Amino acid sequence: MLSTYLLTLTLTLLSSTPLPAKALTTVIPNTCFSSYSSLESYFNYLYPWGSDHNGSARMQGSSSDHSHISVASSTLSLIATPTTNANPPTSTSNPHPAIHYISGAVHAKAQITVTQSNSYTLSGEFSSPTVRGTWPAFWLTAVNSWPPEADIGEWKGTANNWFNTFNTSSIVRSDLVAWPTDLSFHSLKAVLTAESNNADVKIDFYMDNTHRATQYGQGFVGKPLWLILNLQMEGSSGSPGPTGTTTYKIRNFQITRSG
């Protein structure tokens, strides 16, 4: 009887004891854009693969060239300006569009890999252009082979932000939310958590601290991802693009890992 009582008491205590909270690690602090040295501590210039992608802007920037990638007042500015003498004249990436702009991109040095032990929260405040021909983004893409991809911020020349998850090139979930056209700052956040099947990742999307969508990345668990901030032009956002300077701004950007 006594042993049965003790066993019952032990099980009761275990069931009522809260699980310890997972440790929170700051991967990129919200001071990352406080200076160029801070930017360069957490980010590399351009895309992970170089200067070109699927739009008409070629990325340009380095520790000695901040004409298109600048920081001031703890804000990152990615700046696109028209060009007529790009060399080479077309993008080196599919679908090889003509280069009409020089612009800016950065990618995080730390890769994002969601596991059962590690979930991630990515957040920041964004002032995004929405006119035709502007194609800014805040996104995650595969380090090794595409997909996976998740777009937390993607603006394609309209007054909407697109939340996207690509499971294949044809199996895509998109949720659109209205985005102001006055270039005011608004917050975006994504929380990435492994599902119980240890294969899929649940992605909760927020705008201005309000939950807007939940999407699922099939087989995303354990797949390393690049985090990219870039101002691409034309492409999916239409053409012709602006004839003047376009600026995409990000502040209070942060990545944390729980686990």
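Read the figures in this text as sums done on the coordinates, not as results from a lab. All values derive from a computational prediction rather than experimental measurement. Here the Cβ is made from the backbone with ideal geometry for all residues, glycine too, and neighbour counts use every protein chain on show.
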With the 8 Å Cα cutoff and a minimum separation of six or more residues, the range 163-259 has a relative contact order in percent of 18
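Once the convex hull of the C-alpha atoms of the range 70-169 is built, how many Å³ does it hold per residue, rounded to a whole number? Before the final figure, lay out each step's value.
Details: hull volume 15.6 nm³, N = 100.
Hull volume over Cα atoms, normalised by residue count, gives 156 Å³.
Only helical DSSP H runs with n ≥ 4 go in: add -39500 (n - 2.57) per run for the chain, normalise by residue count and round the 222 nm mean residue ellipticity to 500 deg cm²/dmol. Display every interim value, and only then the final one.
Numbers: 2 runs with 22 residues, N = 259.
It comes out at -2500 deg cm²/dmol, rounded to the nearest 500.
In the neighborhood of Phe185, defined by Cβ-to-Cβ distances under 9 Å, what is the net charge if each Lys or Arg adds +1 and each Asp or Glu adds -1? Each step should come with its number before you reach the end.
Values: positive: Lys249, Arg251; negative: Glu125.
Once all neighbours under 9 Å are counted, the net charge is +1.
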Treating cross-link reach as a plain straight distance, find the lysines whose alpha-carbon is under 20 Å from the alpha-carbon of Lys156, omitting any fewer than eight places away in the same chain. Lys189, Lys249
Just for the Cα atoms in the range 143-259, what are the lengths along the principal axes, largest first, rounded to whole Å? 49, 29, 21
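Using Cα-Cα distances under 8 Å and only pairs 6 or more residues apart, what relative contact order does the range 50-125 have, in percent? Display every interim value, and only then the final one.
Values: 108 pairs, mean separation 26.0, N = 76.
Rounded, it is 34 percent for the range 50-125.
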Using θ = phi - 60° and the Karplus curve 6.51 cos²θ - 1.76 cosθ + 1.60, what whole-Hz ³J(HN,Hα) does each residue of the range 86-99 get, with Gly and Pro shown as x? 5, 9, x, x, 10, 5, 7, 10, 4, x, 6, x, 5, 8
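Can you tell me the relative contact order of the range 135-220? Whole percent, Cα pairs under 8 Å, sequence separation 6 or more. If you can, show how the numbers build up before the last one.
Details: 179 pairs, mean separation 17.4, N = 86.
Relative CO of the range 135-220 lands at 20 percent.
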Given the options Ala110, Ala23, Ala86, state which has the largest fluctuation in a GNM of the chain using a 10 Å cut-off (strictly under) for Cα springs. Ala23
Share antiparallel - DSSP beta bridges, the chain, percent rounded to 5: 95
Ranked on Cβ counts within 10 Å of their own Cβ, fewest leading, Lys22, Lys189 go Lys22, Lys189
Potential extension, His186-Asn144 segment - 0.36 nm per residue separation minus Cα distance: 12.0 nm
Count the net charge of all other residues whose Cβ sits under 13 Å from the Cβ of Gln232, scoring Lys and Arg as +1 and Asp and Glu as -1. -2
